[in-house]
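None of the figures in this text is laboratory data; all of them are computed from the coordinates on show. Note that this is a predicted model, so its numbers are computed, not measured. Cβ sites come from the backbone with ideal geometry, for glycine too, and all protein chains shown count toward neighbours.
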Amino acid sequence: MIQFYYARPSLFARPVWFALLEKGLPFDPVVVDLAKGAQFEPEFIALNPFGHIPVLVDQEFRVIESQAILDYLEAKYPEPVLLPSDPESLARVRMVQMVAIHELLPGIGGLLVHHKTPDEVTYSQARITTVLRFLEDLLGDRPICGGGIYHGRSRGGNFNSRFAPGRDFLSILSRS
Ligand SMILES: N[C@@H](CCC(=O)N[C@@H](CS)C(=O)NCC(=O)O)C(=O)O
């Protein structure tokens, strides 16, 4: 049985949930209570020395890092296919994944932090707006980002499974 260590609000754990569910894999969800510091307990540090969820343990094999977990699941359990193989779709999916993690998340984080200066707010908003414009452009007229499978079906796949369903990213931002 697969053990999936997660915490409810984690944007990094969510895509792993999607993949496990879409692939119909039986798994044992293990909550790690981050607020209580469970990620720093020795048993968890033995699984992930960085003290982060998600972690997936499949039989004896342990995987940390959400993208590595997704790649592992795709390779180990290829049906149903969740990742496109044609070069352009694959590149689009990876761009969405990387931009979500490395550009969007820090931008959102900048808005969530307390005691931010007006300049910091402006910087974060500009960063998020750039990301959302990029994603809108990438999506173009396609109903989906990656191809006629999972990553596309959830419209941007990893992006949306981390954040929210829906296409009109820029109007969401302007409402906030
Ligand atoms: N690069 C990691 C990031 C994982 C991560 O930052 N997880 C957060 C929850 S969203 C965490 O475990 N935080 C606990 C802590 O920082 O103490 C991944 O993609 O899996």
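Data overview
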| quantity | calculated |
| --- | --- |
| Selection count where residues are more than 28 Å from GLU60 (Cβ to Cβ) and among the aromatic types (Phe, Trp, Tyr), scope the range 73-108 | 0 |
| Residue match in the range 11-24 (condition: β-branched (Val, Ile, Thr) and within 14 Å of the ligand (Cβ to nearest atom)) | yes |
| Scope the range 64-83; condition more than 13 Å from TYR5 (Cα to Cα) and either within 15 Å of the ligand (Cβ to nearest atom) or surrounded by 16 or more Cβ atoms within 10 Å (Cβ to Cβ) (or both); matching residues | GLN67, ALA68, LEU70, ASP71, TYR72, LEU73, TYR77, LEU82, LEU83 |
| ARG127 of a type in the set (Lys, Arg) and over 18 Å from the mean Cα position of the chain (by Cα) | yes |
| Residue among PHE44, PHE61, PHE40 that is away from the ligand (no atom under 14 Å from the Cβ) and either of a type in the set (S, T, N, Q) or more than 19 Å from the chain's Cα centre (by Cα) (or both) | PHE61 |
| Residue match in the range 6-14 (condition: surrounded by 11 or more Cβ atoms within 10 Å (Cβ to Cβ), among the small types (Gly, Ala, Ser) and in contact with a strand residue (DSSP E or B) (Cβ under 9 Å, 6 or more places away or on another chain)) | yes |
| Number of the condition not met by HIS52 [criteria: (1) closer than 15 Å to ILE2 by Cβ; (2) surrounded by 14 or more Cβ atoms within 10 Å (Cβ to Cβ); (3) within 16 Å of the chain's Cα centre (by Cα)] | (1) |
